[in-house]
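Q: The structure follows.
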Amino acid sequence: MSNHPEEKSVSFACACTLTAAVALGSSGLASADVFDEIGYTALKLRLGAATPTGAGYGIGQVEAEETPGNFGPNTSNPDFAGKTFTPQSGPFGASGHATTVGIALYGNSGSIAPGVTNVFVWSANLWATTGFLRTNQGALAPLVPPTGMRIFNNSWIGSFGSTFNDNDALRRFDFEITRDNVLAVCATNNGAGSPASALVGYGYNAMTVGLANGNHCNATTPPGLDGQGRRKPEIVAPSGFTSFSTPIIGAAAALLFQTTDLDPGLAANPNADRQLVIKDVLLTGANHRPGWSNGAITSGPNRGTTTTPLDPLYGADLLNIDRSHFILTGQEQNGSAAVPATSTISERGWDYIASFAANTSQFYRFKVYASAAELSVLATWNRSVATNFGGFTLMDLDLQMWKVNGTGLVSIVGDAGLGVFDGGNVSSASTIDNLEHLYVTGLQPGEYVIELKRKPGPQAAMPVAIAWYVTDTGPLGDLDGDNLVNASDLAILLGAWGTTGPGDLDGNGVVDAADLGILLGAWM
């Protein structure tokens, strides 16, 4: 069954039809323009030789068979020099599709994660059935991924032709993601307005990936599958086809995973490399381009509210790996069970809540020193799947931002928000999604509190990750975003001496003595 001329369908004996997108006349390779678009060029300019490469983290590449037995990358491709390929579904022949995916996912020149060297290769048919997920095999749990493998890339779509089996496969995948702390990226169908395909992008715990140009399926989770009405995809990247935008997100995840080893603060924190945190940081850091909207009400008593956290076409929108790296290295900053008396978080960071009890809240207080062009806050959590895969539970959380007035909190929903923020939403209250998202433009100076509230309910208490990013409004010289100018900022400036930044406070294109004078003059 083929939906588009650029797609090739392959039917398997297991009655599972899997579709691999094959780009005709296009290599799908990342270009300098793509690296610019996703913030990778900015990251390299900022970090130089310290830019992470994904080294030390293995990737699972799951591929539909292009022709019988051909589902792996061409291992002799020069871009794969130094890579180790381990077959997980038996010996494989070369697939042009798998080769192009691999170049974007871990290629030495075509990927932002060239340091990835260990690649584990599955046939999608066997991966979905006896070779990994064990779909429709009762209480038999999915297999455990190979040691060191932290990312699954699924650049294929399909269905068993049975709602029961499709749901069973999605539940098993979500169960495995949580059990094994694995981050998964999955392609959605190609073609604007194209029909939804059940596998594997309609789960809860993975990230579904679309195209920066919007030429992908954006159907909500269809009837029959768990969580009907949830929006997909969650994030987009530039490419001609979703098969090749998906590995860009997988490579970004590998880069962030390695960051948790390289940064001393993250390396000492066992929460930093959790799948949920990396997923959350990627989504929070996305670049919300002009026209992005999550349906926030723009006037009247409900101004600034939404029940649909993501844009219906672009999700959280375009990957920005530089911003996501900033958020991750902003370190974990814990919330409080009560409203804090003073600011407790800086302009970027994250928190991992190991178990969120029903009918409780976590509060995060921060200060904006000057008008902030953007604020992005996103919380996400996994669903809890029964060990027999017969059902699941899902917590219901809401996000809301308040303004501090004296010692109390004031709602900025409705007319109360006029003059406080220009646009976007200060309340996110979906009842079906496993994420909530605040995105605000033109936030005025003042103190604010973010409240993450779990509503009453009998669902299993699961971990929650929350991350945030506010356009820098701190004192001039505050290079680490903690709203202070101190020794930490001095170290950053001196580390960038003679380069273009960070630390170029006077904007003359180089970090020099003039910038040092500005920083010391703002010392606090």
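Q: Go through the residues of the range 42-63 one by one and say whether even a single one is of a type in the set (Lys, Arg), open to solvent by 10 Å² or more (accessible area, probe 1.4 Å) and over 27 Å from ILE327 (Cα atoms).
A: Applying the first criterion (of a type in the set (Lys, Arg)) to the range 42-63 yields 44, 46.
This time we only want the ones that are open to solvent by 10 Å² or more (accessible area, probe 1.4 Å), so: 44, 46.
Checking the rest, the ones that are also over 27 Å from ILE327 (Cα atoms) come to none.
Checking the range 42-63: not a single residue is of a type in the set (Lys, Arg), open to solvent by 10 Å² or more (accessible area, probe 1.4 Å) and over 27 Å from ILE327 (Cα atoms).
Per-residue answers, yes or no, for (1) surrounded by fewer than 21 Cβ atoms within 10 Å (Cβ to Cβ); (2) aliphatic (A, V, I, L, M):
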residue	(1), (2)
LEU435	no, yes
TYR439	no, no
GLN444	yes, no
TYR448	no, no
LYS453	yes, no
ALA460	yes, yes
ILE466	no, yes
VAL470	no, yes
GLY477	no, no
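Q: State which residue pairs qualify: first residue at negative phi and inside the range 170-196, second residue among the acidic types (Asp, Glu) and open to solvent by 10 Å² or more (accessible area, probe 1.4 Å) in any location, beta carbons under 8 Å apart, and separation of 6 or more residues or different chains.
A: LEU170/ASP226; ARG171/ASP226; ASN190/GLU6; ASN190/GLU7
Q: Based on what the data block shows, is TRP127 more than 23 Å from the chain's Cα centre (by Cα), assigned to a helix (DSSP H, G or I) and of a type outside the set (Val, Ile, Thr)? Spell out the reasoning first.
A: Values: more than 23 Å from the chain's Cα centre (by Cα): yes; assigned to a helix (DSSP H, G or I): yes; of a type outside the set (Val, Ile, Thr): yes.
When the stated conditions are applied, TRP127 passes them.
Q: A follow-up question, please. Which residue, of LEU256, LEU266, is within 17 Å of the chain's Cα centre (by Cα) and either in a loop (DSSP other than H, G, I, E, B) or not small (Gly, Ala, Ser) (or both)? Can you show your working first?
A: Details: LEU266 fails: within 17 Å of the chain's Cα centre (by Cα).
The conditions single out LEU256.
Q: Next question, about the same structure. Does the range 127-148 include one or more residues that are β-branched (Val, Ile, Thr), open to solvent by less than 10 Å² (accessible area, probe 1.4 Å) and either touching a strand residue (DSSP E or B) at 6+ places or on another chain (Cβ under 7 Å) or farther than 30 Å from PRO195 by Cβ (or both)? It would help to see each step written out before you state the result.
A: Applying the first criterion (β-branched (Val, Ile, Thr)) to the range 127-148 yields 129-130, 135, 144, 147.
The next check asks that each one be open to solvent by less than 10 Å² (accessible area, probe 1.4 Å); those that pass are none.
Within the range 127-148 (the criterion being β-branched (Val, Ile, Thr), open to solvent by less than 10 Å² (accessible area, probe 1.4 Å) and either touching a strand residue (DSSP E or B) at 6+ places or on another chain (Cβ under 7 Å) or farther than 30 Å from PRO195 by Cβ (or both)), the answer is no, since none of the residues qualifies.
Q: Looking at this structure, is SER384 open to solvent by less than 60 Å² (accessible area, probe 1.4 Å) and either farther than 24 Å from ILE278 by Cα or at pLDDT 95 or above (or both)?
A: Values: open to solvent by less than 60 Å² (accessible area, probe 1.4 Å): yes; either farther than 24 Å from ILE278 by Cα or at pLDDT 95 or above (or both): yes.
In short, yes.
Q: Which members of the range 307-343 meet the condition of being open to solvent by 10 Å² or more (accessible area, probe 1.4 Å) and either part of a helix (DSSP H, G or I) or touching a Gly at 6+ places or on another chain (Cβ under 6 Å) (or both)?
A: Result: THR308, LEU313, ASN320, ASP322, ARG323, HIS325, PHE326, THR329, GLY330, GLN331, GLN333.
Q: Right, something else. Got a sec? Which of ASP478, ASP472, ASP489 is part of a loop (DSSP other than H, G, I, E, B), in contact with a helix residue (DSSP H, G or I) (Cβ under 8 Å, 6 or more places away or on another chain) and within 28 Å of SER371 (Cα to Cα)? Give the derivation first.
A: Details: ASP472 fails: in contact with a helix residue (DSSP H, G or I) (Cβ under 8 Å, 6 or more places away or on another chain); ASP489 fails: part of a loop (DSSP other than H, G, I, E, B).
Residue meeting the stated conditions: ASP478.
The values are calculated or read from the model by the stated rules, or taken from the named source; none is laboratory data. Predicted model, so just to flag it, every value in this text is computed and none were measured. Note: ideal-geometry Cβ built from the backbone for every residue, glycine included; neighbour counts use all protein chains shown. Surface areas here come from the heavy atoms of the whole protein model, side chains and all, with no ligands, DNA or RNA. Shrake-Rupley method; radii C 1.70, N 1.55, O 1.52, S 1.80 Å.
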